[in-house]
Amino acid sequence: MATTSKGLFGSSLARKYWMAVSGLFLCSFLVGHLLGNLQLFVSGEEGKLAFNEYGHFMTTFPVVKILSYVTYGAIFLHTVDGIMLALQNRAARPVGYVKEKQSANASWASRKMALLGTLTLFFIVVHMKSFWYEMHYGALGLDANGNKDLWTLTVTAFEQWWYAAFYVVAITGLAFHLSHGAQSAFQTLGVNHPRYTPIIKKTMTALAWLIPAGFVAVAVFLYVVQPGQNL
Ligand code: HEM
């Protein structure tokens, strides 16, 4: 790998470090986001009002707003660093690299991190347009409490089979991305303890599958139950 010392952001070691830090932060965002989305399992007027109240809080409470800006910054940093590292690795790869050797030494997910990351970025752009943009700049109706009706927007989006299917495919890609990324982040950060490192690796691998499984469960639930039809 072409590692040069170009300061805090320039060298590939520094880039890996920031990839790890931003990636772990984004994992913590996903845990919080999933916990919020679990409210979508509560159907009926009660669930609708609670979710809209939550949406209002998430877009107006100052501390959460700051966390949102940190999240956008982390997505940007992770993407730019990821592209730079992928380009560097490609440039440094020896000509005529034997493909079979590559697959013998590394998991499928670890060799496809750039592809899986690109799929996730594409998903985030579509997803932000569907909900974030509409919540902030769209013309949403109001619910009985006067909050923007984010719930109806969300549940009706998943009534379309192709929208729910897109989520299942993209979030499965995210799971593979996390399955390698989450544990390799700790390696990059130099966490290397004979007793705790194996525990951290196992925990991160479990989370890498459990978090996306939760998102997929929400998407499938909304498609199958179609809670918007009963109100
Ligand atoms: C069933 C799956 C999901 C549902 C129903 C869902 C729903 C939503 C909704 C309703 C919002 C708008 C609320 C707001 O602006 O605060 C939102 C925002 C967002 N979602 Fe999701 N989401 C899902 C999965 C994901 C996944 C897998 C990712 C990342 C890979 C993601 C990333 C984001 C981001 C970055 C925002 C903007 C958050 C902010 O402004 O602070 N979402 N999501």
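If you keep only loop residues by DSSP, which chymotrypsin sites (Phe, Trp or Tyr not before Pro) in the range 16-97 have at most 16 other Cβ atoms within 10 Å of their Cβ?
Taking the range 16-97 and a limit of 16 other Cβ atoms within 10 Å, the loop chymotrypsin sites (Phe, Trp or Tyr not before Pro) found are Y97.
Can you tell me which of G47, G23, G82 moves the most in a GNM of the chain? Springs connect C-alpha atoms under 10 Å apart.
Sorting by GNM fluctuation, first place goes to G47.
Using Cβ contacts closer than 10 Å as the measure, can you line up S12, S68 from fewest to most?
S68, S12
Per residue of the range 132-140, in order, report the coupling 6.51 cos²θ - 1.76 cosθ + 1.60 (Karplus, θ = phi - 60°) as ³J(HN,Hα) in whole Hz, putting x for Gly and Pro.
Those phi angles translate into 4, 4, 5, 5, 7, 10, x, 9, 7 Hz.
Just in the range 174-231: which trypsin sites (Lys or Arg not before Pro) are loop by DSSP and have at most 12 other Cβ atoms within 10 Å?
Sparse-neighbourhood loop trypsin sites (Lys or Arg not before Pro): R195.
Which of these, A219, A164, A92, has the largest mean-square fluctuation under a Gaussian network model of the chain (Cα springs below 10 Å)?
Result: A92 has the largest fluctuation of those listed.
Between A92 and L189, what is the FRET efficiency for a Förster distance of 25 Å, r being their Cβ-Cβ separation, to the nearest 0.05?
Computed FRET efficiency for A92 and L189: 0.65.
Give, to the nearest whole percent, the P(r) tail of the chain beyond 24 angstrom, counting all Cα pairs.
The answer is 52 percent, as a whole percent.
Taking only complete DSSP H runs, can you tell me which helices of the chain stretch 15 Å or more along their own long axis by Cα positions and average at least -1.0 on the Kyte-Doolittle scale?
12-37, 44-60, 62-92, 113-127, 161-188, 196-225
How do I211, I200 rank when sorted from fewest to most other Cβ atoms within 10 Å of their own Cβ?
With the fewest neighbours first, I211, I200 line up as I200, I211.
Where a number appears in this text, it was derived from the coordinates with a stated rule and is not lab data. Please read all numbers here as calculations on a predicted model, not as lab measurements. Backbone-built Cβ (ideal geometry, glycine too); neighbour counts: all protein chains shown.
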